[in-house]
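This report concerns only the one structure given below.
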There are 2 protein chains.
Amino acid sequence: MTKQILPLLDSGCCAPLAREPLSPQQAGTLAPMFKALGDPVRLRLLSMIASAAGGEVCVCDLTGGFAQSGPTISHHLRVLRESGLLDCERRGTWVFYWLRPGVLDQLAAVLDSTQPREAVGAPA
Amino acid sequence: MTKQILPLLDSGCCAPLAREPLSPQQAGTLAPMFKALGDPVRLRLLSMIASAAGGEVCVCDLTGGFAQSGPTISHHLRVLRESGLLDCERRGTWVFYWLRPGVLDQLAAVLDSTQPREAVGAPA
DNA sequence: CACTTGTTTCGACATCTGTCAAGTTAGACG
DNA sequence: CGTCTAACTTGACAGATGTCGAAACAAGTG
(Lines give C-alpha, C1' and ligand atoms only; values in the text may rest on other atoms or scores of the structure.)
Protein backbone atom coordinates (compact mmCIF):
# COMPACT_ATOMS: atom_id res chain seq x y z
CA MET A 1 0.00 0.00 0.00
CA THR A 2 2.76 2.37 0.85
CA LYS A 3 4.17 3.68 -2.37
CA GLN A 4 7.42 5.38 -3.10
CA ILE A 5 8.80 7.00 0.01
CA LEU A 6 11.41 9.69 -0.13
CA PRO A 7 14.88 8.91 1.11
CA LEU A 8 14.35 9.12 4.83
CA LEU A 9 16.48 11.25 7.07
CA ASP A 10 18.27 8.23 8.35
CA SER A 11 19.44 9.64 11.60
CA GLY A 12 19.20 13.33 12.10
CA CYS A 13 20.01 14.05 8.47
CA CYS A 14 21.29 17.56 8.93
CA ALA A 15 22.47 20.07 11.38
CA PRO A 16 19.98 22.76 12.30
CA LEU A 17 19.31 25.31 9.59
CA ALA A 18 20.97 28.01 11.60
CA ARG A 19 24.19 26.19 12.36
CA GLU A 20 25.51 25.76 8.87
CA PRO A 21 24.19 26.18 5.34
CA LEU A 22 22.25 23.21 4.05
CA SER A 23 23.77 21.38 1.11
CA PRO A 24 21.66 21.23 -2.03
CA GLN A 25 21.14 17.53 -1.31
CA GLN A 26 19.93 18.13 2.22
CA ALA A 27 17.65 20.89 0.99
CA GLY A 28 16.31 18.56 -1.66
CA THR A 29 15.48 15.97 0.94
CA LEU A 30 13.87 18.32 3.42
CA ALA A 31 11.93 20.58 1.07
CA PRO A 32 9.31 18.01 0.03
CA MET A 33 8.40 17.41 3.66
CA PHE A 34 7.94 21.08 4.39
CA LYS A 35 6.09 21.37 1.12
CA ALA A 36 3.71 18.66 2.28
CA LEU A 37 3.08 20.73 5.39
CA GLY A 38 2.45 23.80 3.29
CA ASP A 39 -1.25 23.28 2.75
CA PRO A 40 -3.90 24.10 5.35
CA VAL A 41 -5.90 20.98 4.66
CA ARG A 42 -2.85 18.76 5.00
CA LEU A 43 -1.75 20.52 8.18
CA ARG A 44 -5.12 19.87 9.73
CA LEU A 45 -5.16 16.26 8.57
CA LEU A 46 -1.73 15.70 10.04
CA SER A 47 -2.73 17.36 13.27
CA MET A 48 -5.91 15.33 13.56
CA ILE A 49 -3.92 12.15 13.07
CA ALA A 50 -1.03 13.14 15.31
CA SER A 51 -3.31 14.15 18.16
CA ALA A 52 -5.68 11.22 17.92
CA ALA A 53 -6.17 9.05 20.96
CA GLY A 54 -4.79 5.77 19.64
CA GLY A 55 -2.22 7.43 17.43
CA GLU A 56 -4.14 6.46 14.33
CA VAL A 57 -7.31 7.53 12.59
CA CYS A 58 -9.69 5.97 10.11
CA VAL A 59 -10.15 7.96 6.90
CA CYS A 60 -13.86 7.84 7.57
CA ASP A 61 -13.28 9.94 10.69
CA LEU A 62 -11.28 12.53 8.77
CA THR A 63 -13.43 13.39 5.80
CA GLY A 64 -16.29 14.70 7.90
CA GLY A 65 -14.28 17.63 9.20
CA PHE A 66 -13.58 19.18 5.82
CA ALA A 67 -15.44 21.02 3.14
CA GLN A 68 -13.35 19.21 0.54
CA SER A 69 -14.56 16.12 -1.26
CA GLY A 70 -13.48 12.58 -0.45
CA PRO A 71 -11.11 12.29 -3.41
CA THR A 72 -9.45 15.55 -2.42
CA ILE A 73 -8.85 14.35 1.14
CA SER A 74 -7.52 11.11 -0.26
CA HIS A 75 -5.16 13.08 -2.48
CA HIS A 76 -3.81 15.07 0.45
CA LEU A 77 -3.32 11.94 2.51
CA ARG A 78 -1.35 10.48 -0.33
CA VAL A 79 0.89 13.54 -0.49
CA LEU A 80 1.53 13.27 3.24
CA ARG A 81 2.24 9.58 2.87
CA GLU A 82 4.57 9.90 -0.10
CA SER A 83 6.50 12.65 1.60
CA GLY A 84 7.26 10.22 4.40
CA LEU A 85 5.19 11.85 7.13
CA LEU A 86 2.38 9.31 7.37
CA ASP A 87 1.90 5.63 6.92
CA CYS A 88 -1.30 3.67 6.48
CA GLU A 89 -2.84 0.24 6.46
CA ARG A 90 -6.15 -1.21 5.37
CA ARG A 91 -8.12 -3.18 7.94
CA GLY A 92 -11.20 -4.67 6.43
CA THR A 93 -13.35 -1.95 5.03
CA TRP A 94 -11.40 0.89 6.58
CA VAL A 95 -8.00 2.46 6.07
CA PHE A 96 -6.08 3.82 9.02
CA TYR A 97 -3.37 6.47 8.95
CA TRP A 98 -0.71 7.24 11.53
CA LEU A 99 2.31 9.47 11.98
CA ARG A 100 5.63 7.97 11.03
CA PRO A 101 7.47 8.10 14.32
CA GLY A 102 10.27 10.58 14.71
CA VAL A 103 9.84 12.43 11.45
CA LEU A 104 8.18 15.47 12.98
CA ASP A 105 10.87 15.69 15.62
CA GLN A 106 13.57 15.59 12.98
CA LEU A 107 11.96 18.45 11.14
CA ALA A 108 11.65 20.36 14.40
CA ALA A 109 15.34 19.73 15.06
CA VAL A 110 16.24 21.22 11.70
CA LEU A 111 14.35 24.39 12.57
CA ASP A 112 15.88 24.62 16.00
CA SER A 113 17.95 27.76 16.34
CA THR A 114 19.02 27.63 19.96
CA GLN A 115 22.63 26.94 18.97
CA PRO A 116 23.18 29.60 16.34
CA ARG A 117 26.79 28.92 15.42
CA GLU A 118 30.05 29.25 17.27
CA ALA A 119 28.79 27.23 20.22
CA VAL A 120 29.22 24.09 18.15
CA GLY A 121 31.88 21.58 18.93
CA ALA A 122 35.05 23.49 19.68
CA PRO A 123 36.71 20.87 21.90
CA ALA A 124 38.66 23.41 23.87
CA MET B 1 10.65 47.87 1.79
CA THR B 2 8.90 45.20 3.75
CA LYS B 3 5.56 44.59 2.16
CA GLN B 4 2.51 42.84 3.46
CA ILE B 5 3.38 40.43 6.22
CA LEU B 6 1.12 37.61 7.23
CA PRO B 7 -0.60 37.75 10.59
CA LEU B 8 2.22 36.82 12.88
CA LEU B 9 1.97 34.09 15.44
CA ASP B 10 1.66 36.59 18.21
CA SER B 11 2.85 34.46 21.04
CA GLY B 12 3.09 30.78 20.43
CA CYS B 13 0.04 30.80 18.19
CA CYS B 14 -0.94 27.19 18.64
CA ALA B 15 -0.38 24.12 20.67
CA PRO B 16 1.86 21.51 19.10
CA LEU B 17 0.36 19.67 16.15
CA ALA B 18 0.22 16.47 18.12
CA ARG B 19 -1.54 17.81 21.17
CA GLU B 20 -4.79 18.90 19.64
CA PRO B 21 -6.17 19.35 16.15
CA LEU B 22 -5.33 22.67 14.55
CA SER B 23 -8.24 24.94 13.81
CA PRO B 24 -8.74 25.95 10.20
CA GLN B 25 -7.56 29.43 11.16
CA GLN B 26 -4.38 28.19 12.78
CA ALA B 27 -3.70 25.94 9.81
CA GLY B 28 -4.28 28.89 7.51
CA THR B 29 -1.70 30.91 9.39
CA LEU B 30 0.94 28.22 9.61
CA ALA B 31 0.65 26.68 6.16
CA PRO B 32 2.13 29.63 4.23
CA MET B 33 5.25 29.49 6.38
CA PHE B 34 5.77 25.80 5.82
CA LYS B 35 4.98 26.37 2.18
CA ALA B 36 7.74 28.95 2.02
CA LEU B 37 10.10 26.31 3.41
CA GLY B 38 8.92 23.83 0.82
CA ASP B 39 11.36 24.76 -1.90
CA PRO B 40 15.01 23.64 -1.96
CA VAL B 41 16.31 27.01 -3.10
CA ARG B 42 14.41 28.82 -0.35
CA LEU B 43 15.56 26.35 2.27
CA ARG B 44 19.15 26.95 1.30
CA LEU B 45 18.69 30.71 1.22
CA LEU B 46 17.15 30.65 4.66
CA SER B 47 19.89 28.43 5.97
CA MET B 48 22.62 30.62 4.53
CA ILE B 49 21.07 33.64 6.17
CA ALA B 50 20.32 31.95 9.47
CA SER B 51 23.81 30.57 9.80
CA ALA B 52 25.65 33.68 8.70
CA ALA B 53 28.19 35.18 11.04
CA GLY B 54 26.55 38.54 11.71
CA GLY B 55 23.05 37.15 11.45
CA GLU B 56 22.51 38.92 8.17
CA VAL B 57 23.64 38.55 4.59
CA CYS B 58 23.90 40.81 1.59
CA VAL B 59 21.98 39.61 -1.45
CA CYS B 60 25.19 39.90 -3.39
CA ASP B 61 26.66 37.14 -1.22
CA LEU B 62 23.71 34.85 -1.85
CA THR B 63 23.27 34.81 -5.58
CA GLY B 64 26.69 33.33 -6.24
CA GLY B 65 25.83 30.04 -4.61
CA PHE B 66 22.96 29.20 -6.92
CA ALA B 67 22.43 28.14 -10.49
CA GLN B 68 19.28 30.26 -10.61
CA SER B 69 19.22 33.75 -12.05
CA GLY B 70 19.20 36.92 -10.00
CA PRO B 71 15.51 37.61 -10.47
CA THR B 72 14.69 34.09 -9.36
CA ILE B 73 16.69 34.45 -6.16
CA SER B 74 15.00 37.79 -5.61
CA HIS B 75 11.63 36.13 -6.04
CA HIS B 76 12.42 33.46 -3.47
CA LEU B 77 13.67 36.04 -1.00
CA ARG B 78 10.41 37.90 -1.43
CA VAL B 79 8.41 34.75 -0.71
CA LEU B 80 10.42 34.17 2.45
CA ARG B 81 9.94 37.80 3.45
CA GLU B 82 6.21 37.91 2.80
CA SER B 83 5.67 34.69 4.69
CA GLY B 84 7.15 36.38 7.72
CA LEU B 85 10.37 34.41 7.97
CA LEU B 86 12.81 37.07 6.84
CA ASP B 87 13.16 40.80 7.00
CA CYS B 88 15.42 43.08 5.00
CA GLU B 89 16.82 46.57 4.72
CA ARG B 90 18.68 48.54 2.11
CA ARG B 91 22.04 50.04 3.08
CA GLY B 92 23.47 52.09 0.32
CA THR B 93 23.91 49.96 -2.72
CA TRP B 94 23.26 46.69 -0.97
CA VAL B 95 20.26 44.96 0.55
CA PHE B 96 20.65 42.82 3.63
CA TYR B 97 18.39 40.02 4.80
CA TRP B 98 18.05 38.47 8.24
CA LEU B 99 15.92 35.95 10.07
CA ARG B 100 12.92 37.32 11.90
CA PRO B 101 13.73 36.34 15.45
CA GLY B 102 11.69 33.61 17.04
CA VAL B 103 9.72 32.55 14.01
CA LEU B 104 11.72 29.41 13.37
CA ASP B 105 11.43 28.40 16.99
CA GLN B 106 7.69 28.85 16.89
CA LEU B 107 7.44 26.58 13.89
CA ALA B 108 9.66 24.05 15.63
CA ALA B 109 7.40 24.22 18.67
CA VAL B 110 4.39 23.43 16.52
CA LEU B 111 6.11 20.32 15.23
CA ASP B 112 7.21 19.23 18.66
CA SER B 113 5.61 15.93 19.59
CA THR B 114 7.19 15.19 22.92
CA GLN B 115 3.92 15.73 24.74
CA PRO B 116 1.54 13.68 22.64
CA ARG B 117 -1.70 14.25 24.49
CA GLU B 118 -2.97 13.20 27.88
CA ALA B 119 0.09 14.58 29.62
CA VAL B 120 -1.31 18.05 29.12
CA GLY B 121 -2.70 19.95 32.01
CA ALA B 122 -4.82 17.55 34.02
CA PRO B 123 -4.46 19.27 37.41
CA ALA B 124 -4.87 16.08 39.36
C1' DC C 1 -23.84 -13.49 -6.79
C1' DA C 2 -25.76 -8.76 -6.37
C1' DC C 3 -25.79 -4.78 -3.38
C1' DT C 4 -23.90 -1.34 -0.22
C1' DT C 5 -20.36 1.34 1.88
C1' DG C 6 -15.55 3.08 2.23
C1' DT C 7 -11.56 4.53 -0.31
C1' DT C 8 -8.70 5.38 -4.16
C1' DT C 9 -7.75 6.35 -9.07
C1' DC C 10 -8.74 8.81 -13.35
C1' DG C 11 -9.70 12.77 -16.24
C1' DA C 12 -10.44 17.40 -16.55
C1' DC C 13 -9.87 22.17 -15.41
C1' DA C 14 -8.56 26.60 -13.30
C1' DT C 15 -5.06 28.42 -10.64
C1' DC C 16 -0.53 28.78 -8.74
C1' DT C 17 4.58 28.41 -9.05
C1' DG C 18 9.47 28.49 -10.53
C1' DT C 19 12.04 30.24 -14.00
C1' DC C 20 14.25 33.46 -17.20
C1' DA C 21 15.00 37.65 -20.32
C1' DA C 22 14.22 42.31 -20.50
C1' DG C 23 13.30 46.49 -18.43
C1' DT C 24 13.22 49.52 -14.13
C1' DT C 25 14.53 51.60 -9.79
C1' DA C 26 18.06 52.93 -6.12
C1' DG C 27 22.17 54.54 -4.82
C1' DA C 28 27.31 55.64 -5.49
C1' DC C 29 30.74 58.14 -7.94
C1' DG C 30 32.69 61.17 -11.00
C1' DC D 1 24.03 65.18 -15.09
C1' DG D 2 25.79 60.56 -16.95
C1' DT D 3 27.19 56.21 -15.93
C1' DC D 4 28.01 52.13 -13.38
C1' DT D 5 26.54 48.42 -10.22
C1' DA D 6 23.09 46.12 -7.19
C1' DA D 7 18.60 44.62 -6.68
C1' DC D 8 13.87 44.40 -7.91
C1' DT D 9 9.68 44.28 -11.14
C1' DT D 10 7.37 42.85 -15.19
C1' DG D 11 5.83 39.70 -18.68
C1' DA D 12 5.76 35.35 -20.45
C1' DC D 13 5.61 30.39 -20.28
C1' DA D 14 5.96 25.45 -19.06
C1' DG D 15 4.88 22.60 -15.48
C1' DA D 16 2.93 21.59 -10.88
C1' DT D 17 -1.06 21.75 -7.71
C1' DG D 18 -5.83 21.70 -5.58
C1' DT D 19 -10.21 20.58 -6.67
C1' DC D 20 -14.19 17.94 -8.23
C1' DG D 21 -17.26 14.34 -10.57
C1' DA D 22 -17.21 9.90 -12.38
C1' DA D 23 -15.45 5.56 -12.43
C1' DA D 24 -12.93 1.75 -10.33
C1' DC D 25 -11.55 -1.09 -6.61
C1' DA D 26 -11.99 -3.43 -1.90
C1' DA D 27 -14.69 -5.74 1.71
C1' DG D 28 -18.48 -6.81 4.11
C1' DT D 29 -23.60 -8.43 3.96
C1' DG D 30 -27.72 -10.41 2.24
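The values are calculated or read from the model by the stated rules, or taken from the named source; none is laboratory data. Every value quoted in this text rests on a predicted model; they were computed, and no experiment measured them. As a convention, Cβ positions derive from the backbone with ideal geometry for all residues, glycine included, and neighbour counts pool all protein chains shown. Please note that ligands, DNA and RNA were not included when accessible areas were found on the heavy atoms of the full protein model with its side chains. Shrake-Rupley method; radii C 1.70, N 1.55, O 1.52, S 1.80 Å.
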Rounded to the nearest 10 Å², what accessible area does A:Asp112 show when all protein chains are kept and the probe is 1.4 Å? 50
Output ³J(HN,Hα) for segment B:68-83: one whole-Hz value per residue in order, computed from phi by the Karplus curve 6.51 cos²θ - 1.76 cosθ + 1.60 with θ = phi - 60°, and x for Gly and Pro. 6, 6, x, x, 5, 4, 4, 4, 5, 5, 5, 4, 5, 5, 6, 7
Provide the per-residue ³J(HN,Hα) series for segment A:42-50, in order, calculated from phi with Karplus coefficients 6.51, -1.76, 1.60 and θ = phi - 60°, each as a whole number of Hz, with x at glycine and proline positions. 5, 4, 5, 4, 4, 5, 4, 6, 5
Compute the relative contact order of segment B:24-111 as a whole-number percentage, counting only Cα pairs closer than 8 Å that sit 6 or more residues apart in sequence. 30
Probe 1.4 Å, protein heavy atoms only: A and B together bury a total accessible area in Å², to the nearest 100, of 2800
Heavy-atom surface of segment B:14-124, accessible at 1.4 Å and reported per residue (Å²): 45
Solvent-accessible area of B:Thr114, probe 1.4 Å, all protein chains present, reported in Å² to the nearest ten, please. 100
Given label points at 7 Å from Cα along Cα→Cβ, what nm distances, shortest first, separate A:Arg91 from the same residue in every other copy? 5.9
Neighbour net charge for A:Ala67 - beta-carbon separation under 15 angstrom, K R +1, D E -1: +1
Considering only the label points, 7 Å along Cα→Cβ from Cα, what distances in nm to one decimal separate B:Gly65 from the same position in each other copy, shortest first? 3.8
Tell me the label-point distance for the pair B:Trp94, B:Gln68, using the 7 Å Cα-to-Cβ offset, in nm and rounded to one decimal. 2.1
Backbone N under 13 Å from the A:Cys60 label point (7 Å along Cα→Cβ), restricted to segment A:80-115: A:91-96
Express in Å², to the nearest 10, the accessible area of A:Glu20 obtained by rolling a 1.4 Å probe over the protein heavy atoms while all chains stay in place. 100
Carbon + sulfur, % of accessible area of segment A:24-111 - ligands and nucleic acids excluded, 1.4 Å: 53
Mean projection area, nm², convex hull over Cα of segment A:23-124: 8.8
Quick one: Debye curve from the C-alpha atoms of segment B:40-94, no solvent, what's log10 I(q)/I(0) at q = 0.26, 0.31 Å⁻¹? -1.23, -1.61
Mean other chain Cβ within 10 Å across B:50-59 is 3
